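One structure is given below, encoded as structure tokens.
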Amino acid sequence: MRREAQELKRLFLGAKVLNLTPHAIVYVDSEGKEYQIPPSGIVARLKPQTEEIGLVKISEDVTLPLIAVSYGDVIFLDSEGKQIDLTRGDEEGYLVLIVPQLVAPKAKELAEMFSPSLVIAPNTNDAIRDDSGRIKGVKSFILLAEG
């Protein structure tokens, strides 16, 4: 699955980038320079399926419902949260899709749907954070799939 870094640079140089997260991604390079990748207005999610599995009584007055969640197919939501169909269209060349890490289990499916493409997610494991722990930027991206 890994390719030499030089080959990836050659393959994806000039590719169209589509940020399918609900927020801007701030990439911080090795010199500390920040680059903002704006959201596309379309968000990739996995369709959740929930099932109530029980209750937890934490006090005389409060009972918490417990649910089990499983995730199905990739869905796309517009800026109003409505599900939409998303297709590649007539663009040529590589498409780089930036998705939330939760979409990782379906990355190969996404890559094939938008081939030729690269599906990546912000690497929040070594993210730059503010004093409150909120992410300010990422230093790298996780390669999830190529199609």
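No lab work stands behind these numbers, since they all come straight from the coordinates. Quantities reported herein were computed from a predicted structural model and do not represent experimental measurements. Neighbour counts run over all protein chains shown; Cβ positions are idealised from the backbone, glycine included.
Looking at the stretch 89-114, which of its residues are loosely packed, with under 13 Cβ neighbours inside 10 Å, more than 16 Å from the chain's Cα centre (by Cα) and not acidic (Asp, Glu)?
89, 93
Taking the stretch 13-45 on its own, how many of its residues are part of a strand (DSSP E or B) and under 13 Å from the mean Cα position of the chain (by Cα)? Lay out the reasoning, then the answer.
Filtering the stretch 13-45 down to residues part of a strand (DSSP E or B) leaves 16-19, 25-28, 34-37, 43-45.
This time we only want the ones that are under 13 Å from the mean Cα position of the chain (by Cα), so: 17-19, 25, 37, 43-45.
So the answer is 8.
Can you confirm whether residue 52 is over 19 Å from residue 145 (Cβ atoms), touching a residue at least 40 places away in the same chain (Cβ under 8 Å) and not hydrophobic (A, V, I, L, M, F, W, C)? Steps first, please.
Numbers: over 19 Å from residue 145 (Cβ atoms): yes; touching a residue at least 40 places away in the same chain (Cβ under 8 Å): no; not hydrophobic (A, V, I, L, M, F, W, C): yes.
No.
Which of the residues belonging to the stretch 56-97 are free of Cβ contacts under 8 Å to residues at least 24 places away in the same chain and of a type in the set (Asp, Glu)?
Result: 60, 61, 80, 85, 90, 92.
Residues being among the aliphatic types (A, V, I, L, M) and surrounded by fewer than 10 Cβ atoms within 10 Å (Cβ to Cβ): count how many of those fall in the stretch 70-88.
First, pick out the residues of the stretch 70-88 that are among the aliphatic types (A, V, I, L, M): 74-75, 77, 84, 86.
Next cut, surrounded by fewer than 10 Cβ atoms within 10 Å (Cβ to Cβ) only: none.
Selection size over the stretch 70-88: 0.
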